Amino acid sequence: MKLAPLNTVQNAHDDSVWTAAWVPATEDSPPLLLTGSLDETVRLWNPEGPEKVQTNTGHCLGVVSVAAHPSGRIAASASIDSFIRVFDVATNNTIATLEAPPSEVWQLQFNPQGTTLAAAGGGSASVKLWDTAEWKLVAALEVPRPEGLKPSEKSGSKKFALSVAWSPDGRQIACGSMDGTISVFDVPRAKFMHHLEGHCMPVRSLVYSSAPLDSRVLFSASDDGHVHVYDAERKNLDYVNVRPLKLGAKCGRVPRRSSNCNGLK
């Protein structure tokens, strides 16, 4: 399959664009596109133009992740400044500002029910969960240490958590790490289930299939240039793309479609 760009915006930001996410359509708005940049801003676009709708400011360092609530009315951004900013898509007003220790907020994703916001916890080697009703931290799912290391061995004793993805039913969450492994958790029990292996470099992006019959299927994209397809429950690696992709490949969903992986960069 050959992919070709439909629209291109030159100089969309004043610095590199590190992240993008679709905003679901609402009664008042079509599907929109969020982008986050090292220029410290988040911008909202109507992809049909493409036309810039608004710019959200407030971060003091580069934006590394953006995510949209399933309702299409709320969005969140994570920055190297260690803050998560939650804002109203229609008004651009700030709803909440969540603070974390340095280097502990990376990729964000809301669960399908919209009740929880997950963040890959970077150097904390965890997935942090915030309740979206009161925006309080409710859990931190710890990514297990690599096998063979003792707790006293601080150097290399933790996995740097980079990416997260919720299963369609919201009961499982996957976390991609700097060492190339993927950790799968049972969210209701706050329990680590197992690792998925196969990548040899950082796992930058994860997404579960939205197709009802394939809800166990997990796609991963890594700095090793490969996209892997896993059965996340049975721990099977079902497919590896043969031709390596560019460094920093990313996978995600297209609005109003059941396709599983797109937007490869």
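Need the C-alpha centroid separation for region 15-82 versus region 181-218, integer Å.
Cα centroid of region 15-82 versus Cα centroid of region 181-218: 25 Å apart.
Once you order the gyration tensor axes a ≥ b ≥ c over the Cα atoms, which shape class does region 1-99 get: rounded for a/c under 1.5, otherwise prolate or oblate by comparing a/b with b/c?
Taking the square roots of the gyration eigenvalues as a ≥ b ≥ c, region 1-99 is oblate.
Over region 44-152, what relative contact order in percent results from Cα pairs under 8 Å that are six or more residues apart?
15 percent.
So if we plug the beta-carbon distance of Arg145 and Glu51 into 1/(1 + (r/R0)^6) with R0 = 51 Å, what FRET efficiency do we get, rounded to 0.05?
Efficiency for this residue pair is about 0.60.
Please list, ordered by chain and number, the residues whose modelled amide H lies under 5 Å from the amide H of Ser126; skip anything fewer than 5 residues away on the same chain.
Answer set, sorted by chain and number: Gly121, Val143, Ala161.
Could you point to the residue in Ser37, Leu98, Val127 farthest towards the positive end of region 24-146's charge dipole, with +1 and -1 charges on the Cβ of Lys/Arg and Asp/Glu respectively?
Val127
Any chance you could run the full-extension gain for Arg234 through Asp15? It's 0.36 nm times the residue separation minus the Cα-Cα distance, nm to one decimal.
So the extension gain works out to 74.7 nm.
Where does the charge balance sit around Arg43 when Lys and Arg score +1, Asp and Glu -1, over other residues with C-beta under 14 Å from its C-beta?
-3
Values quoted throughout were computed directly from the atomic coordinates according to the rules given, and no laboratory measurement underlies them. Please read all numbers here as calculations on a predicted model, not as lab measurements. No Cβ is skipped: glycine too gets one built from the backbone with ideal geometry, and neighbour counts run over all protein chains shown.
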